[in-house]
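Shown next, in structure tokens, is the structure this report addresses.
The values are calculated or read from the model by the stated rules, or taken from the named source; none is laboratory data. Fair warning: this is a prediction, and the values are worked out from it, not measured in the lab. Here the Cβ positions follow ideal geometry from the backbone for every residue, glycine too, while neighbour counts run over all protein chains shown. Accessible surface is based on the protein model in full, side chains and every heavy atom, while ligands, DNA and RNA are left aside. Shrake-Rupley method; radii C 1.70, N 1.55, O 1.52, S 1.80 Å.
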Amino acid sequence: MKKFFSVLLLFFSLQQSSVGQQVPESVDDKVQWFKEARFGMFVHWGLYSVLGGTYNGRTMPDTTLPNGKSWYAEWIQQRLEVPDAVYQALAKQFNPIRFNAEDWIREAKNAGMKYFVITAKHHDGFALWDSKVSDYDIAATPLKGRDILGELVDACKKYGLKYGFYYSHWQDWEHPQGAIPYWKPARESRDFEKYWKEKSLPQVQELIERYDPDLLWFDTWDEEAKDLINPARRDELISLVRKLSKKCLINGRIAMHNPGEEIDFLEMMDNSYPKELLEKPWQTPATMNHTWAWHRGDFNWKSAGQMLRYLVSNASKGGNYLLNVGPKPDGALPLPAVRRLREMGAWMLTHSEAVYATQPVDGLEADKGVVLTQKNVNNQRILYVHVMEERADNTVKLPIAADKVQRCQLLETGEELGLTEDGTAGLMIQLPAKASFDSAIRVLKVEMKK
Ligand code: FHN
């Protein structure tokens with residue numbers, strides 16, 4: 001009897017849960033595209049790419065140095081103690097003869113990505129566009145005269161991707177008053193406000209006025225930023241962006257320690273995946289290997305299947321996955337990255353409807369290794385059941401009454417799947433023979449009766 005009531009309770013809670021009940025808000029909502037996009041490309045590319053993790057015979061990580069343990073390649077100037085003048089002279093060597101904006105954006109598009117974010121300026125302070133505010137920019141390289149960001153923006157428009165810029169508003173290792181890592185002796189006359197007014201705010205203004213981005217990706221990551229990026233400066237920057245653009249989204253890492261209410265979406269820490277549903281739209285910035293920028297000795301490539309599981313699992317919690325690629329100094333994308341993008345794109349080709357514009361399913365417990373997304377199509381509730389691991393008995397159980405289900409198919413092929421009512425667990429879905437699967441995640445499409 002007790003069992004009967006708990007099953008009844010489960011059926012009832014499903015009816016009351018958010019399954020398919022959330023109709024997307026108005027499309028006038030400027031964050032709407034972000035809430036539906038789920039998958040984007042992040043690119044870290046700049047002078048650090050010329051070094052690719054090695055300087056003067058040392059390769060990161062170099063534990064003989066006091067702060068050499070960490071090994072993101074874009075941090076090489078600090079981690080391997082490259083003298084500022086030596087580092088800045090790399091501008092003369094930044095000559096990406098194989099760079100082709102359309103090649104990059106086509107790879108993103110074919111992978112199923114809906115937006116693109118590139119480091120317009122990382123912590124080293126180098127601007128990837130011809131900036132009127134600073135001479136430490138693309139015009140100091142052999143690319144003088146080329147508008148790299150403009151070419152990427154045009155390609156994004158051509159292929160229908162939203163686009164945005166990473167801008168390091170806090171750390172700036174070139175401007176004498178920009179923030180530097182905590183372990184460096186403080187600079188003589190620390191006047192962050194000077195940097196803020198002279199470089200940070202004007203460059204953000206330039207980026208918006210010149211390229212009209214859909215989002216800006218600011219970067220802080222812990223308490224270390226809290227004195228310099230205090231609420232007054234955070235709000236000043238937000239006001240500037242709002243004044244110049246009606247559409248530009250702002251991420252939470254503008255002030256990770258205290259993002260406030262005005263940001264548009266939350267940014268997780270690097271490669272971090274929340275366990276809970278969150279109040280605001282959100283995304284995880286993630287790497288394919290360890291580093292963000294290209295590192296010749298980083299062989300820690302995640303598999304495409306693993307990254308698809310992150311993507312789908314984020315989607316099941318209402319979040320996006322911003323997956324990074326670190327192009328080589330000549331402008332080519334590393335082949336292991338390209339292969340993974342294509343593998344992910346192959347899966348997305350037949351499964352993307354279970355990812356884009358889906359909603360989390362709150363209050364419905366799925367089996368271990370199974371996650372759920374849902375959407376409403378013509379007033380019909382569709383439940384997507386993502387089977388992330390092999391199942392010993394080749395079945396999936398769902399706490400749903402069988403008579404509420406109109407049809408259940410394997411999403412990729414349309415093959416109808418057998419359903420049986422399971423007395424204790426609700427619905428038992430029989431998967432086709434294991435041999436017929438070769439993809440990382442199998443998705444079952446469950447159409448509920450109207
Ligand atoms: O220090 C940066 C790092 O280089 C990289 O840009 C990441 C991307 O999320 N953000 C900072 C560390 O969290």
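Farthest towards the positive end of the charge dipole of the chain, among the residues Ala89, Leu228, Gly326, is the Cα of Gly326, using unit charges on the Cβ of Lys, Arg, Asp and Glu.
In the chain, taking the dipole from charged Cβ atoms about the Cα centre, the farthest positive-side position among Leu207, Ile429, Asn56 is held by Ile429.
Placing pseudo-labels 7 Å out from each Cα toward the beta carbon at Lys246 and Asn258 gives an inter-label distance of 3.3 nm. Rounded to 0.05, the FRET efficiency of the Ala392 and Glu236 pair, given R0 = 56 Å and the Cβ-Cβ distance, is 0.45. The simple Förster model, with R0 at 51 Å and r as the Cβ-Cβ distance, assigns Arg210 and Asp362 a FRET efficiency of 0.75.
For the cross-link pairs Lys35/Lys109; Lys109/Lys144; Lys199/Lys226; Lys114/Lys243; Lys158/Lys247, which exceed 22 Å when the distance is taken from alpha carbon to alpha carbon?
Values: Lys35/Lys109 18 Å; Lys109/Lys144 28 Å; Lys199/Lys226 19 Å; Lys114/Lys243 26 Å; Lys158/Lys247 19 Å.
Over 22 Å Cα-Cα: Lys109/Lys144; Lys114/Lys243.
Residues whose amide H lies under 5 Å from that of Trp170, counting only those 5 or more places away or on a different chain, are Asp219; hydrogens are built 1.01 Å from N in the peptide plane.
I need the Kirkwood Rh of region 4-354: take the reciprocal of the average 1/r across all distinct C-alpha pairs and report it in angstrom.
Details: mean 1/r = 0.0474 Å⁻¹.
Hydrodynamic radius (Kirkwood, Cα only) of region 4-354 equals 21.1 Å.
For the chain, modelled as a GNM whose springs connect Cα atoms under 10 angstrom apart, the maximal fluctuation among Val361, Val43, Val405 occurs at Val405.
Whole number in Å², please: accessible area per residue of region 4-354, 1.4 Å probe, ligands, DNA and RNA not counted.
Details: 14360 Å² over 351 residues.
Counting only protein heavy atoms, the per-residue value for region 4-354 is 41 Å².
Converting phi to 3J(HN,Hα) with the Karplus coefficients 6.51, -1.76 and 1.60 and the offset θ = phi - 60°, region 342-358 yields 5, 5, 5, x, 5, 5, 5, 3, 10, 10, 5, 5, 8, 10, 5, 6, 9 Hz in sequence order, with x at every glycine or proline. Between region 51-120 and region 370-418, the alpha-carbon centres lie 43 Å apart. Extending 7 Å from the Cα toward the beta-carbon at both Arg187 and Leu65 defines two label points whose distance is 1.9 nm. The string of couplings for region 107-124 from the Karplus curve (6.51, -1.76, 1.60, θ = phi - 60°) is 4, 4, 4, 5, 6, x, 7, 10, 8, 9, 10, 10, 5, 5, 8, 9, 4, 5 Hz, one whole number per residue in order, with x for Gly and Pro. Divided by 2.2 N^0.38 Å, where N counts the residues, the Cα radius of gyration of region 361-448 comes to 1.01. Ranked by the mean number of other Cβ atoms within 10 Å of their residues, highest first, the peptides 106-118, 326-338 come out as 106-118, 326-338. Candidates Trp282, Leu80, Trp170 compared by Cα position along the dipole of the chain: farthest toward the positive end lies Trp282, with charges placed on Cβ.
Residues whose amide H falls under 5 Å from that of Asp137, counting only those 5 or more places apart or on a different chain, are Ala127, with hydrogens built in the peptide plane. For region 361-448, with all protein chains in place and a probe radius of 1.4 Å, 44% of the accessible heavy-atom surface sits on carbon or sulfur. Under 5 Å from the amide H of Val443 lie the amide H atoms of Val387, Leu411, Glu412, each residue being 5 or more positions distant or on a separate chain, with H modelled from the backbone and absent for Pro and chain starts. Here the accessible area is traced with a 1.4 Å probe on the protein chains. For region 4-354, carbon and sulfur cover 53 percent of it. Looking at the calculated P(r) for region 49-102, what percent of the C-alpha pair distances fall above 19 Å? Of the Cα pairs, 32 percent sit more than 19 Å apart. With Cα atoms defining each centre, region 295-347 and region 249-280 are spaced 21 Å apart in the structure.
Rolling a 1.4 Å probe over the heavy atoms of the protein chains gives region 361-448 an accessible area of 45 Å² per residue. Computed over the Cα atoms of region 163-223, the ratio of the radius of gyration to the Kirkwood radius (Rg/Rh) comes to 1.02. Hydrodynamic analysis of region 118-249 uses the Kirkwood radius over alpha carbon pairs. Inserted into Stokes-Einstein at 37 °C and 0.692 mPa s, it gives a translational diffusion coefficient of 213 µm²/s. Between the beta carbons of Glu224 and Lys404, assuming R0 = 45 Å, the FRET efficiency works out to 0.30 to the nearest 0.05.
Using the crude model of +1 on Lys and Arg Cβ and -1 on Asp and Glu Cβ, and no other charge, please compute the dipole size for the chain relative to its Cα centre, in debye to 20. Spell out each step's value before the answer.
Details: 57 positive and 60 negative charges, 151 e Å.
Magnitude of the dipole: close to 720 debye.
Rounded to whole numbers, the Karplus 3J(HN,Hα) couplings from phi for region 305-313 are x, 4, 5, 5, 5, 5, 4, 5, 5 Hz, using 6.51 cos²θ - 1.76 cosθ + 1.60 with θ = phi - 60°, and x at Gly and Pro. Any chance you could give the angle, 0 to 90 degrees and rounded to 10, that helix 201-211 forms with the longest Cα principal axis of the chain? Computed tilt is about 60 degrees.
Could you order peptides 365-372, 381-388 by the average number of other Cβ atoms within 10 Å of their residues, highest first?
Working: 365-372: 16.9, 381-388: 21.9.
For the peptides 365-372, 381-388, the packing ranking is 381-388, 365-372.
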